[in-house]
Amino acid sequence: MAAISLPAVGGAGVGILTASNDLNIKPEDLQEPPLPERSTVLDANGHQIAQFYDQYRVSVPLDKVADVMKTAIISIEDYRFYDHGPIDIEGTIRAFVKNATSGGVAQGGSSITQQYVKQVLLNKATTKAEQDEALAPSYSRKLNELRYAMGMEQKYTKDQILGKYLNIAYFGAGANGVQAAAKRFFGVSAEKLNLAQAATLAGAVQQPNNTDPSAGKASQKRLLERRNTVLDRMAELKKITPQQAAAAKAKPLGFKNTPLPGGCEASKYPYFCMYVRDDILTNPVFSAFGKTADQRDQFLKRGGLTIRTTIDPKMQAAADKAIKARVFATDNPVASEALIQPGTGQIKAMAASRKYGTSTKKKEISYNVVANSAHGGGTGFQAGSTFKVFTLLTALKQGWKLNDGIQSPAGYQAPSYSAFKNCQDQSVGDPSHTVMNDEGSGGFKTLQTGTWQSVNTFFVSLEQKVGLCNVVKTARSLGIQRADGGDLQQVETFTLGVNEMDPVTVAAAYATIAARGQYCPPQAITSVTDRNGKTTTYQPKCKAALDPAVADAAANILTGVFGPQGTMSAVGGIGRDAAGKTGTSDDFFSAWFAGFTPDLAGAVSLGDPRGATKHRLAGVTIGGHYYGEVFGADISGRIWKDTMVKALKDTPESQFHPIDSARFGGCGTGCAPQQNTPPVGDGAGNGQDNGQGNGQGTGQGTGQNPGQNPKPGGLRNDVPGTH
């Protein structure tokens, strides 16, 4: 300690060192928080699909580091590391003399132990001020390092300290720790490093930003010079022969620039990856990760978690292939699909026609088009006639039978302003607005025929009879909420799907019917294992939303959508029990299909993210085919069918539960499924524009263009026939 004070005989160090009567140089314990570690996301089969990290690091034990790497780092950074105590007195005196005569801290003289201490303090820093303090060129900081270094060498062996240092050191190019650096620089593990590679990494730690090989040729030249300096030093210390040094110096730098395994943009399943990330940030289930989204984000990026998810690669591939076959990535409209398992809510696939990214030239999409805004999504697209299901369910709950019906005119007007009341008991009817049907599509319609033919006036009339608020409550019980997170628009055309939705939410609602009334919120994460191996599992949070018999009756009716009178008649069924509903919005703003089997539910949306009201699905080319008008069955229905056939290929067939015919009438056990009826229709398409809009628009718009939807009220019938 006396020797350290020697430089105080002159220079700028005098005032600093003599101002303190007691330097208090004694061992002090340094709290070492766990090193920031990447978190890994796995699919349902345990295969990696994404990583999250603040600092890319993969910690390894010292015995997994090549001996030549250990020799190289010690040779250049602290060649007497195994000989000196906590402080390298010789190096420290040399540094202090240099600093005192230069008027500042010009030379470090730090041992590897002291360097490790500095890195710990830097990693502990949570503010810019704390980071600056950890790097400050001051004697007080150096003295603190000395105290902590003494404590470290009382606590750990030299090998343990060296291992800790190699795992914490930053080598440049975004690589923290020797394992990440070996992979990033040379595409090998730390235990496979050769002499030239080890010398390169050892040379990089002194000024990792200045010698970052990913920054360009100038930085690579500086790194090459540093490598050769390390080789010369190793030869000088007789750790290698001059011949070995010369041979290694003759080699090129060999920087491979191996891409760092990135976040969602680098994942095979970017939209699902985004859902997982945002679920952790916002879902109360993960409150243990932090009270705020920022705290959870830091824990996700630094906590070294292993996150097991629900995504099924086979089902995801089926969705990707079905979408790719019908909607090109270069098309203006975007197709999106979500698959959910009934009875668990597990998300099995999230697919879209556009690649995730920020390039407008490549028509990449920068938000989660498959999900709601809480999971990185936009404002969604009007769900169209898929919402008629909630009115159907409400009628069944109130005792309507399959063959109960209503006279449905070609045009419907509310009999009074109070004919429809929202859940705040406010009148929202509009007698001045006429909801229209296709020519000839009026007349008496039952729950069955009205649903199969998707008759607008039937459903608005039915909604009036069962109560708008009751329909809204049914929808909410099945998890329905707007994609933008706003309040549901409770207007008389609610049943016609004026609210903008996302495929995950709609698929989860339809999965409730398949699960005989059990609503399970969408689930993406099944377990999280922390860095210490402790695993927390997450079970589905399901609740009874419907009477099972009501769900069975609805499923029975919805199978007829694939039958000869249904809007999917030209598409046909999937060869097993299936049910669903098409949805085509007013003026062809969007086109949907949502459906389910007992084992899997899915929803497909199609719309233009530039603004669906300005860019309609009419007179457009999609997937290389021209469409005068796009109905729900044309593209979305076919994507759903192709997806289901492949996704369920190896799944044993399951049947819907028989309807309670005594309660609901209609067909009970032994009836032939409606969707197995041979498909009819010549594919010519015969739909006409039936939607007029009711002037009660939400003003929310679609996609990423809010405020462009002045009249979302009217919806067209989804008539049989396709283009």
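Quick look at the values:
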read-out: Computed FRET value (nearest 0.05) for Asn210 with Asp650, which takes r as the C-beta separation and R₀ as 60 Å; value: 0.60
read-out: Gain upon complete extension [Ala317, Asp404; 0.36 nm per residue less C-alpha separation]; value: 27.1 nm
read-out: Accessible area in square angstrom per residue, region 461-568, 1.4 angstrom probe; value: 30 Å²
read-out: Cα centre as origin, Lys/Arg/Asp/Glu Cβ charges: region 381-497 dipole, Debye; value: 400 debye
read-out: Cα-based shape type of region 504-646, given that a ≥ b ≥ c are square roots of the gyration tensor eigenvalues and the cut on a/c is 1.5; value: oblate
read-out: Prolate/oblate/rounded label for region 246-322 (Cα gyration tensor, a/c 1.5); value: oblate
read-out: Three-way shape call for region 364-518 based on the alpha-carbon gyration tensor, with the a/c threshold at 1.5; value: prolate
read-out: Entries in Lys473/Lys541; Lys543/Lys646; Lys421/Lys641; Lys158/Lys238; Lys314/Lys388 that, when Cα-Cα distance is taken, lie over 26 Å; value: Lys543/Lys646; Lys421/Lys641; Lys314/Lys388
read-out: Peptides 453-465, 501-513 ordered by average Cβ neighbours within 10 Å, highest first; value: 501-513, 453-465
read-out: Distance histogram in 10 Å bins (all Cα pairs of region 566-646, percent per bin); value: 19, 50, 25, 6
read-out: Surface accessible to a 1.4 Å probe, per residue, for the residues of region 270-312, Å²; value: 40 Å²
read-out: Signed unit charges on C-beta, dipole axis of region 384-527, positive-most listed residue Thr451, Gln518, Ile480; value: Gln518
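The values are calculated or read from the model by the stated rules, or taken from the named source; none is laboratory data. Note that the structure is predicted; figures quoted are calculated from it, not measured. In this analysis, Cβ positions are derived from the backbone assuming ideal geometry, glycine residues included, and neighbour counts consider all displayed protein chains. For the accessible areas, the whole protein counts, side chains as well, though only heavy atoms, and no ligand, DNA or RNA atoms are used. Shrake-Rupley method; radii C 1.70, N 1.55, O 1.52, S 1.80 Å.
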